[in-house]
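Notes follow once the structure below has been shown.
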Amino acid sequence: MGLAGWGWGLSSLVQPVVAQEVGWGNYQYPEKEYNLDSNVQIVIHRRSHTLQVLDTEGKIYRQYPIAVGKAAWPTPQGKFHVLKKIENPVFQSFRTGALTAAGKANPLGQYYVQYHEGKVGEFGIHGTDQEDSIGKSASHGCIRMHNKDIAELYQLVDMGTSVTIY
């Protein structure tokens, strides 16, 4: 498992597991089939701090305010696809290795939608415990959403949904 989300400081996501050691790379996420014919697509506009969900005709179905990466830790641009969807993620700090269980204190909120994994880390769209950061360039590269908004987005997207970031 790669590094998870510059949005929270090069951290690792691990699924909540009872009576099992958790940490870097010792929990395998179940593989899910991609739906490359998704009914929606995600378009993110970093400059205006907005995330749009477009329908099959390219019309805006939903639009949400977001936080994006700050100048030193920019959100990557390009074309991606949803790789993972995780409900109630556990956050692991890259600084201390400490785990934060799902709940109000979790910096990821209740939902995490991963769209990129590579040499520089893992990037996703997630909720936040810092909702006042929405509308700003405040993260370490991930997309932060209001918790109520990511809950809705999580239900709208499938594995393989297109994510385009400008």
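A few comments on the model shown:
- Close amide H partners of Arg62, meaning residues 5 or more places away or on another chain with modelled amide H under 5 Å apart, are Val53.
- 3J(HN,Hα) couplings calculated from phi for the stretch 127-136 with the Karplus curve 6.51 cos²θ - 1.76 cosθ + 1.60 (θ = phi - 60°) are, in sequence order, x, 7, 9, 10, 5, 6, 7, 4, x, 10 Hz; Gly and Pro show x.
- Highest mean packing comes first when the peptides 144-153, 64-73 are listed by Cβ atoms within 10 Å, giving 144-153, 64-73.
- Put simply, the C-alpha atoms of the stretch 90-166 give a gyration tensor, and the ellipsoid matching it has half-axes of 19, 16, 13 Å, longest first.
Each reported figure results from applying straightforward, stated rules to the coordinates on display, with no laboratory input. Bear in mind the structure is a predicted one, so any value in this text is a computation, not a measurement. Here the Cβ is made from the backbone with ideal geometry for all residues, glycine too, and neighbour counts use every protein chain on show.
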